[in-house]
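Below is one structure; the comments refer to it alone.
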Amino acid sequence: YVTPALAEVENHYKIVQEETFAPILYLIRYKTFDEAIALHNDVPQGLSSAVFTLNLREAEEFLSARGSDCGIANVNIGTSGAEIGGAFGGEKDTGGGRESGSDAWKVYMRRQTNTINFGTELPLAQGIKFEL
């Protein structure tokens, strides 16, 4: 068990550049959305990603080829399991290819599973609830 943590960090920190399977949320300051995407993509891993925004243009940019370079990209929803039924898989050092769906068109396109939450609440995947 690892206690959940929020940590303000900088993108070059070693712990940010390594994949950690623990409930840690890194907070990195940025000035522009383009800078945020550059920081986001400047790691060797690429399994799942998320952005939280009410700006439709930012959401669409994040989901485009100019945005997240991960295999799974989400808008206004976390990265924990919401991609069930999608083409699951990562990019960069987190693997390549997909466990679901055909890879026949892989050489012709960039494929990414996207999720957008337009609601006002943040539901957890598969209806998981944490009662305090």
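Out of THR20, THR32, THR3, THR53, report the one residue that is exposed (fewer than 12 other Cβ atoms within 10 Å of the Cβ), hydroxyl-bearing (Ser, Thr, Tyr) and closer than 24 Å to THR113 by Cβ.
THR20
Looking for something free of Cβ contacts under 8 Å to residues at least 60 places away in the same chain, under 15 Å from the mean Cα position of the chain (by Cα) and over 23 Å from ARG110 (Cα atoms) - is there at least one such residue anywhere in region 35-45?
Looking for residues that are free of Cβ contacts under 8 Å to residues at least 60 places away in the same chain, under 15 Å from the mean Cα position of the chain (by Cα) and over 23 Å from ARG110 (Cα atoms), one finds none in region 35-45, hence no.
Throughout, read-outs are computed from the coordinates displayed, never taken from laboratory work. Quick caveat, the model's predicted, so the values are computed rather than measured. Cβ: placed from backbone, ideal geometry, glycine included. Neighbour counts: every protein chain shown.
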